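Student: Okay, here's the structure, questions in a sec.
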Amino acid sequence: MHSYVFPGNLDKEIAEIGSQPIPYMRTDWFSKINLESESILLDLIHCNGGRAIIYTGSGTGAMSAVVENYVSTKRKAIAINGGSFGKRWVSICEYYGVPVIDFKVPFAKDIDYAELERVMEAEHPDVFLCQHHETSSGQLFNLEKISEICRRHDVSLIVDVVSSFLAEELDMDRLGIDICVTSTQKGLNIPPGLSIVFLSRKLEGYEYAHRGYYWDFENNLSNLKRGQTPFSPATIIYLQLNARLKQLRGQGGEALNISQVRHRAEVFRAECRRYGWAMPAEIPSCAITAIQTRDTAERHIFNCLIERYQTYIMPGSVTGFYRISHMGLQSDEELRVLAERIHSIEAEINE
Ligand SMILES: *Cc1c(COP(=O)(O)O)cnc(C)c1O
């Protein structure tokens, strides 16, 4: 099987942990592992003196947790809605009755930052929600500009970095971000099942709300002090997370991983230009390459890749639109073969 989805092809050491006996987790040994994972995570995202809650649950769970515990203590939110993940911030706020400005951004386009500034001036929100990378289109937003705007208006900044963590440079402290969320199946490239909420040091002592029993920050933070979780953790994935984080620490941090992701994106994009596929994202993230092929039937290329080559890519919102993740293990040769296969299926359709 070849996987260009989330996660992608797994590292062997990580995959093997999945077939080992499951240890009991209410032990000092497991506590130590968790505290070590927390510490490495905070280093990788540059959140000095902050906390990282590791939940059993997908990335959307962590987004929901942020709204339940933090956003709901605020007066008014603004959310950047540039695709399905931005829309999710809006939906979660609405679900919990938090007033939210739905700042729509056209699909695969960058934010109109001057317009954003005008809306901020007129509406005075006190909390800002966005994605670093809107995974539905491949568009990367400019956190430098967003951070400046939030600083100027004294607005608390929350960023969903689920699909940019370890794929794009990211420094929470320098950007003044209060909260980030990510999950395990994207940049970390380990199985899905865990999500992480990063709380900056500035939030120490913050009086969080209590609107979600499972995701309650206070309860999770007090258990985390001793390296434990309030409820049964997905033990094996916590161990895979720890092993992956130690690999990253052994590489001296996130830089090597980010440059590998970028390299894969560059190799694949050269093929895309060769085969004439448009790449719609105005500022594309290296995490994925989103392409518009000449596929005329819904999911035809997608289905053929699975049937003929056990290869998975991600279909998008319109016919012929596909996304290829660069966060899993993939060689230059494998990427060229993938592009060649997509091209040959496409050529059959248009014969
Ligand atoms: C994948 C993803 C999520 C979380 O999705 P889950 O299916 O809940 O893991 C959230 N935001 C972004 C930008 C994502 O790419």
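The values are calculated or read from the model by the stated rules, or taken from the named source; none is laboratory data. This one's a predicted model, so the numbers in the text were calculated from it and none came from an experiment. Cβ: placed from backbone, ideal geometry, glycine included. Neighbour counts: every protein chain shown. When the accessible area is computed, the model is the full protein with side chains, heavy atoms only, and any ligands, DNA or RNA have been set aside. Shrake-Rupley method; radii C 1.70, N 1.55, O 1.52, S 1.80 Å.
Student: Tell me whether the range 59-72 contains one or more residues that are open to solvent by 60 Å² or more (accessible area, probe 1.4 Å) and away from the ligand (no atom under 13 Å from the Cβ).
Tutor: Scanning the range 59-72, I find no residue that is open to solvent by 60 Å² or more (accessible area, probe 1.4 Å) and away from the ligand (no atom under 13 Å from the Cβ), so the answer is no.
Student: State whether the residues of the range 83-106 include one that is within 15 Å of the ligand (Cβ to nearest atom), open to solvent by less than 10 Å² (accessible area, probe 1.4 Å), outside any helix (DSSP H, G or I) and modelled with pLDDT of 95 or more.
Tutor: Checked the range 83-106: no residue is within 15 Å of the ligand (Cβ to nearest atom), open to solvent by less than 10 Å² (accessible area, probe 1.4 Å), outside any helix (DSSP H, G or I) and modelled with pLDDT of 95 or more.
Student: Another one. Under 8 Å between Cβ atoms, which residue pairs at least 6 apart in sequence (or on different chains) link something in the range 19-42 that is part of a helix (DSSP H, G or I) with a partner that is hydroxyl-bearing (S, T, Y) and open to solvent by less than 60 Å² (accessible area, probe 1.4 Å)?
Tutor: F30/T235; F30/Y238; I33/Y238; N34/T229; N34/Y238; S37/Y238
Student: A further question on this structure: Does R269 count as under 27 Å from L41 (Cβ atoms) and among the charged types (D, E, K, R)?
Tutor: Judged against the criteria, R269 is not a match.
Student: Still on this structure, I have one more. Which residue is farthest from R244 (Cα to Cα), if the candidates are limited to the range 1-15 and must be away from the ligand (no atom under 16 Å from the Cβ) and open to solvent by less than 90 Å² (accessible area, probe 1.4 Å)?
Tutor: If we take residues in the range 1-15 being away from the ligand (no atom under 16 Å from the Cβ) and open to solvent by less than 90 Å² (accessible area, probe 1.4 Å), then H2 is farthest from R244 (Cα to Cα).
Student: Then there is this: Look through V155, V162 and report the one residue that is under 23 Å from N48 (Cβ atoms), within 13 Å of the ligand (Cβ to nearest atom) and touching a residue at least 24 places away in the same chain (Cβ under 8 Å).
Tutor: On inspection, the qualifying residue turns out to be V162.
Student: Open to solvent by 10 Å² or more (accessible area, probe 1.4 Å) and either farther than 16 Å from L157 by Cα or in the same structural domain as Y322 (by TED's automatic domain parsing) (or both): is that true of I53 in this structure?
Tutor: no
Student: Pairs please, first residue from the range 165-185 and basic (K, R), second anywhere and more than 13 Å from the ligand (Cβ to nearest atom), Cβ atoms under 9 Å, 6+ apart in sequence or on different chains.
Tutor: What qualifies is R174/H46; R174/S147.
Student: Does the range 135-149 contain at least one residue that is open to solvent by 10 Å² or more (accessible area, probe 1.4 Å), within 12 Å of the ligand (Cβ to nearest atom) and small (G, A, S)?
Tutor: yes
Student: Across the range 307-345, what is the number of residues that are among the β-branched types (V, I, T) and within 15 Å of S137 (Cβ to Cβ)?
Tutor: Qualifying residue count for the region: 2.
Student: Find all pairs meeting these conditions: Cβ atoms under 6 angstrom apart; at least six residues apart or on different chains; first residue within the range 72-94 and of a type in the set (V, I, T); second residue surrounded by fewer than 23 Cβ atoms within 10 Å (Cβ to Cβ) and part of a strand (DSSP E or B).
Tutor: Close Cβ pairs satisfying both conditions: I78/I101; V90/D102.
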